[in-house]
Structures are given as structure tokens and as C-alpha cells.
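The values are calculated or read from the model by the stated rules, or taken from the named source; none is laboratory data. Just so we're clear, the structure is a prediction, and the values are computed from it rather than from any experiment. A quick note on method: Cβ atoms are made from the backbone with ideal geometry, for glycine too, and the neighbour counts reach across all protein chains shown.
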Amino acid sequence: MEDVLEVYERPYSPQEPVICVDEKPITLHADLRPASPAVPGREARRDNEYERRGTANVFCAVEPKAGRHFTFATPDRSGFEFARIAVALAMAYPEAETIHLVLDNLNIHRRKALADAFGAEMATEVWDRFTVHYTPTHGSWLNQAEIEIGIFSRQCLGHRRIPDLKTLRQEARAWNRRMNRDRVKIAWKFDRKTARRKFGYKPKPFKRSKT
């Protein structure tokens with residue numbers, strides 16, 4: 001917990017951006033009958049019947065202090081898809097000295113995913129751009145990308161039915177453009193002092209080296 005909170009509390013630096021990444025499974029549904037648009041005196045109507053169209057996934061990445069957003073709709077939550085997102089994020093910050101990457105402990109969030117997708121040499125080149133911070137066990141909520149997913153779910157998906165991956169990608173890109181245009185930031189209020197008070201968290205004791 002201390003490691004993740006500490007990186008959040010650092011002053012903003014474009015040379016060391018902090019990027020939070022998480023993913024959300026999406027269930028695809030299609031209308032069986034066209035919806036009736038709203039008319040004067042009657043609200044829009046949608047038939048209760050629908051067709052299941054399988055599932056998809058959305059990776060949400062956010063730089064909370066800069067209001068920079070990356071939203072990737074993918075067919076699944078595989079290591080290959082995560083590897084592609086990692087490459088995209090590394091390329092988005094070519095001038096950064098290091099990119100602080102906040103992730104939960106999902107098994108695909110590893111260098112191995114990049115090695116399997118692109119080979120060991122490229123995996124090393126890309127992964128070394130990151131300083132990775134994993135959220136603690138039962139503490140995935142410390143990843144601010146969970147807030148990003150909540151905003152995406154409410155503002156982009158809502159209660160609409162998304163029938164296929166193509167439509168999901170179009171909607172995700174449109175939402176992403178709007179968020180970046182407005183530079184929507186996340187006002188994170190939770191700090192180490194609050195964590196220690198609420199959860200009885202105690203930092204590891206520091207021992208000075210004798211050498």
C-alpha cells in the first residue's frame with residue numbers, strides 16, 4: 001500500500017508520469033426490435049427482449065494528475081491485448097525518464113505477456129520504460145483506474161445495449177476524445193496518513209545499514 005500511495009503523493013512531473021491501468025469485461029447485447037424514439041408526450045421505448053452477442057473487454061488507462069485518458073476496446077482480456085496496451089502507453093510518453101505504472105496483480109500484468117507477444121528483446125525494451133507498482137492483496141481499489149472504469153461505465157455505456165466490438169470501439173474512442181479534450185482529472189483524496197488511521201497500516205521499520 002505504501003508504495004502505491006507514495007507515488008500518488010509525488011509532485012506532478014511530465015518526466016515521470018503516473019499511469020493507472022485496469023480492465024472491465026463487457027457483455028454485448030443487440031436489440032431484436034428497433035427502439036421507438038421519444039415523441040411529444042411519450043418517452044423513448046425499448047423492447048425488453050434482446051440477443052446476447054458474447055463478450056468483449058475494455059482497458060482503461062488514465063494519468064490522473066494530467067487528465068490524460070486512454071481507452072482500448074479489445075476482444076478479450078488476454079496477455080496479448082495487455083502487451084499491445086503496454087506498447088501504446090510506452091510510445092505515448094517518448095520523453096519520459098520512466099513511466100510509473102499502477103496495476104493490480106492479475107497474471108497478465110507482467111513482462112512475460114510482452115515476451116510471449118513480441119519476443120524477449122522488445123519485451124525488455126518496453127517493460128524497462130516502466131516503474132511498476134502493484135496494488136496490495138485486497139487493495140485493488142487503490143488503483144485509480146477503477147474510478148476511470150466507473151466513469152466510463154456511467155458516461156459511455158450507461159444502460160444502452162452494445163451489439164458488437166466495432167460499436168464498442170467507436171463509442172469508447174468518442175468518449176476518450178471528450179475526456180482528453182476536457183482534460184478531466186481525478187481528485188484523489190486518499191493518502192498514507194488516512195490509510196494508517198483507517199486501516200491501522202504501519203510502514204515497514206527502517207534499519208540503517210552498518211556498512
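Key figures for this structure:
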{"quantity": "Residue satisfying condition, being crowded, with 16+ Cβ neighbours inside 10 Å, touching a Gly at 6+ places or on another chain (Cβ under 8 Å) and farther than 24 Å from Trp188 by Cβ, within set Ala113, Ala73, Ala123, Ala83", "calculated": "Ala113"}
{"quantity": "Index of the failed condition, Leu89 passing every other in (1) within 15 Å of the chain's Cα centre (by Cα); (2) free of Cβ contacts under 8 Å to residues at least 40 places away in the same chain; (3) in a helix (DSSP H, G or I)", "calculated": "(2)"}
{"quantity": "Flag if Arg53 is modelled with pLDDT under 95, in contact with a Pro (Cβ under 9 Å, 6 or more places away or on another chain) and basic (Lys, Arg)", "calculated": "yes"}
{"quantity": "Residues (out of contact with any Lys or Arg (no Cβ under 8 Å at 6 or more places or on another chain), within 21 Å of Pro136 (Cα to Cα) and not in a loop (DSSP other than H, G, I, E, B)) located in region 97-118", "calculated": "His100, Leu101, Val102, Leu103, Arg111, Lys112, Ala113"}
{"quantity": "Ile162 being of a type in the set (Val, Ile, Thr) and within 18 Å of the chain's Cα centre (by Cα)", "calculated": "no"}
{"quantity": "Any hit, region 62-75, residues being over 22 Å from Asn176 (Cα atoms) and either in a helix (DSSP H, G or I) or polar (S, T, N, Q) (or both)", "calculated": "no"}
{"quantity": "Of all residues making up region 103-127, the number that are under 24 Å from Leu5 (Cα atoms) and out of contact with any helix residue (DSSP H, G or I) (no Cβ under 6 Å at 6 or more places or on another chain)", "calculated": "6"}
{"quantity": "Where a residue in region 144-155 is closer than 15 Å to Phe190 by Cβ and its partner, wherever it lies, is of a type in the set (Val, Ile, Thr), with Cβ under 6 Å and at least six apart", "calculated": "Gln144/Ile186; Ala145/Val21; Ala145/Val62; Ile147/Ile186"}
{"quantity": "Residue under evaluation Val87, criteria (1) more than 24 Å from Pro163 (Cβ to Cβ); (2) in contact with a Phe, Trp or Tyr (Cβ under 7 Å, 6 or more places away or on another chain), criterion not met", "calculated": "(2)"}
{"quantity": "Residue list for region 92-114, restricted to those being within 10 Å of Trp127 (Cβ to Cβ) and over 13 Å from the mean Cα position of the chain (by Cα)", "calculated": "Arg110, Arg111, Lys112, Ala113, Leu114"}
{"quantity": "Filter result (surrounded by fewer than 19 Cβ atoms within 10 Å (Cβ to Cβ) and assigned to a helix (DSSP H, G or I)) within region 150-164", "calculated": "Gly150, Ile151, Ser153, Arg154, Gln155, Leu157"}
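Let's see how each residue does on (1) closer than 23 Å to Thr27 by Cβ; (2) touching a residue at least 12 places away in the same chain (Cβ under 8 Å):
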position	(1), (2)
Lys112	no, yes
Trp141	yes, no
Leu157	yes, yes
Arg161	yes, yes
